[in-house]
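The values are calculated or read from the model by the stated rules, or taken from the named source; none is laboratory data. The structure presented is a predicted model; accordingly, all values stated were derived computationally and were not measured. Using ideal geometry, Cβ is built from the backbone for each residue, glycine included, and neighbour counts are taken over all protein chains shown. Heavy atoms of the whole protein, side chains included, go into the accessibility calculation; ligands, DNA and RNA do not. Shrake-Rupley method; radii C 1.70, N 1.55, O 1.52, S 1.80 Å.
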Amino acid sequence: MTSKNALSGKTSRMTFRTLFAGLTAVMAALMLSLWTLPASAQTAARGNAQGAPRELVFTILSAEGQASSGPLWEPLLKDLEREIGIPVKPIFGTNYSVLVEAMRANQAQIGWFSALPAVQAIDRSNAQVIARIVDPEGRDSYTSSLIVKKGSGITAEDVARCGKRYDFGLGDAQSTSGTLAPLTYFFSPRNINPTECFATVRSANHQANSFAVANGLVDVATSNSVNLIFLRRQNAQVASQIETIWESPPIPESGILLRRDLPEGLKAKIREFFVNYGQGAGPDADRQRQIMEGLNYSQFRAAEDSYLDPIREMKADQARREGRASEVAPPKRAVAVRDWAPFALIGVLVLIAVALNLIPRRKPAPLEPGAVPAPPTKSMGGWALDVLLWGGFAIVLIAAFGRVDLPNILNLFANSENMRAYGRDFLNPDFSQWRLLVGQMWLTVQIALWGTFLAVFLAVPLSLMASRNMAPNWVVWPVRRIMDLLRSIPDLVIGTLFIVAVGLGPLAGVLAIALNTAGVLAKLFSEAVESIDKGPVDGVKATGAGRLHEIVWGVIPQVAPLWTSFALYRFESNSRAATVLGLIGAGGIGQALFENLQAFNYSTVSTIAIIIIVAVTLIDMLSQAMRKRLL
C-alpha cells in the first residue's frame, strides 16, 4: 500500500513537472511572438503629444494585389512620407468592405478608393475626399463594361436574352463598375436579375474576371476601362483574348480620402502634396510624372465629397428599382415529388420500426437444470433500429448522388488539356518573392499561436462546467450549447465580425481562431474530464479540501497530458486554418494566396503551397517532440 501511494505521489510530481515545462515552453513562445511583432503594429494610430499620428496607414484598393501594384505606389508614398515628415505604411487589399472598416476603426487614416467604396467610407468611416484621379487623356471619369472572349460571338443582345445560357462574372458587391453600374445601366432597365438570368454567377475582382473570360471559365463578366488599359500594358496576351460588348455612361473616377479627425495642418499638407504632385517643371516634377504614368494617372485634381453625388444617385435609382420589383411577389418554385421522396422513404422506415417495437416480446422458455443457455438473439426492435439507421443512411446517400453532381465526375478525365495546362504552371514554382511570402507565413503562425493560447484559457473553465461528473445538469446543458455555438460558426463569419469591431489586421484573425478553437477544445477537454479515475478526486475530498482543490489536485494531474496533446494538435490545425482568414484581410500568407489564385498566378500559388507545407511539417515535428517531452 505504501509503495502504491509512493508511486502515485511520484507520478503526480512527474505530471506537474511536465505540465510546468509545457507552460514554460508556451510562455517562451508567446514572448517570442510579442517580441517579433512589428513596431508599426504596436504604435499605429497612436499620436504624439500634439495629436499628430506617429504613422499613417495608406490603404490601396488593388485588384492586382501587392505584387503588381506595390512597386507602382511605393515611390509616391515615399515622397508623401518625406513631405509630411511622418512614416506612411501601405496596405493593399482586394476586399472593399474590409478597407472601409479599417478606416472606420482608425487602423487606416488615408487611402485610394474607387467611387462606391469612397461613398461607403464617407458615410461609415468619418472620411472626406481631398482629390480625384485624372487619367493620361485628361479625363476624371471612366466606364464600366461587359467583356467576353474574343471570337465568342456573344453580343449584348444575347446577354439580355438570358435563358441561363452563360456563366457570368460579377464584381465585388461594393464595386462601382463591377456591380453598381452594370445593374443600374444594363440589367435594371431591362428588368433582369443576374442570378435568374445566367447559369452561374460568380463574384470576383476585375482582374480575376478578366482572366476567367480569357481562359473560358466564364462567358461574360464585368470590367472597366481602367482595368482593360492595365491589362493591355501588363498582360497583353490576356488583353488580346478579350473584347468589350457594352460600356456604361461615364462614372466618377477614384479618389484619395482621409479621416476627418486628422489634424487640420496635416490634412492641408496631404491635400497640397497630391494636388501639386507631378505638376510644374524641373527634374523632380519629371520624376513624379513618370511615377504617375506607371499608375496610369496624369494628376490628382482637388475635389470634395460632392463629386461623388452621381454615385449616390445611382444607388438611389437602384433602390427605387428594387423597391418596385419587391412589390411583386416572386413566383413560388414548384416542389418536385423527388424532393420529398427520400423523406417519405425514411418516414416509412420509421413507421416500420415503431410497428416492430410494438409487437409483444415472447418470454424465453425456462431452462432445464444443467442446460446451456442459447446465445442472445437480437430482438425485432433491434433489427428495426438497424434497418432504420442503415436504410436511412443508404436512402440519403442515393438521394444526394445527383445533388452533389457526382455524374459529372467523368469530366475529371475529359478536360485533360486544362489539367495539364494548370499542372505546368503549378509544377513550376516562382521563388522570386520567397522572402516576402516566408514573412507572411510567419505572421500566420503567430496568429495561430495566439489564437490557440487564448482558446485554451477559454476552454479550461468551459470544459469543467460542461463535464457531467463535475457540474450539475442545469449548468452542463447551457454550457454545452455555448460550445456548440462556438464550434458551429465559421471562422470567416467570426473574423468579419471582429474586423468590424477592431478593424483590419491580424487581431481579428486571432480572435476568430480563439473562439472557434475554444469550442472544439472545450468539448475535447470535457470528454477527458468525464473519463478520469474518481479515486484521486475522492482522496482529495477525504482530506476536507474544497472544490477548487479537488480540481487542482485530483482532476488536472490526470487530464494535463491529454489537454496538452489536444492543444498542440489544434495549434497545428490552426496554422493551416489561419491561411483562410487572409481572405477577409486578417493578414498572413492567406491574403497573398487568394490574390494570386484570383490572378491565375499558379506558379506563385505553388510557391505559397510549398511554404505552407514546409511550415506545417516543421510545426508537426515540433509538436511531436513537445508531446514526447510532456507526456
All positions within the stretch 135-167 that are of a type in the set (G, A, S) and more than 36 Å from the chain's Cα centre (by Cα): G138, G151, G153
Residue match in the stretch 155-172 (condition: surrounded by fewer than 21 Cβ atoms within 10 Å (Cβ to Cβ), in contact (Cβ under 8 Å) with a residue 24 or more places away in the chain, part of a helix (DSSP H, G or I) and touching a helix residue (DSSP H, G or I) at 6+ places or on another chain (Cβ under 6 Å)): yes
Pair list, Cβ under 8 Å, 6 or more apart: the stretch 606-617 residue open to solvent by less than 20 Å² (accessible area, probe 1.4 Å), other residue assigned to a helix (DSSP H, G or I) and among the charged types (D, E, K, R): S606/D425
Residue in the stretch 267-276 that is at pLDDT 85 or above, in a strand (DSSP E or B) and buried (at least 21 other Cβ atoms within 10 Å of the Cβ) present: no
Positions within the stretch 534-576 being within 42 Å of the chain's Cα centre (by Cα), among the polar types (S, T, N, Q) and over 30 Å from L593 (Cβ atoms), in sequence order: Q558, T564
Matching helices (runs of 4 or more DSSP H) fully within the stretch 452-548 where at least 1 residues are modelled with pLDDT of 85 or more and open to solvent by less than 50 Å² (accessible area, probe 1.4 Å): 473-488, 506-530
Test set (1) touching a strand residue (DSSP E or B) at 6+ places or on another chain (Cβ under 8 Å); (2) in a helix (DSSP H, G or I) - V201 fails condition number: (2)
Test: N205 is more than 30 Å from S298 (Cβ to Cβ), in contact (Cβ under 8 Å) with a residue 40 or more places away in the chain and either buried (at least 22 other Cβ atoms within 10 Å of the Cβ) or not aliphatic (A, V, I, L, M) (or both): no
Among (1) more than 24 Å from S254 (Cα to Cα); (2) in a loop (DSSP other than H, G, I, E, B) - the single one N106 does not satisfy: (1)
Failed item in (1) in a helix (DSSP H, G or I); (2) in contact (Cβ under 8 Å) with a residue 12 or more places away in the chain, with E243 passing the rest: (1)
The stretch 97-123, residues that are modelled with pLDDT under 85, open to solvent by 30 Å² or more (accessible area, probe 1.4 Å) and at negative phi: S97, R104, A105, Q107
Matching residues in the stretch 215-241 - criterion: being crowded, with 23+ Cβ neighbours inside 10 Å and modelled with pLDDT of 85 or more: V218, V220, A221, T222, S223, N224
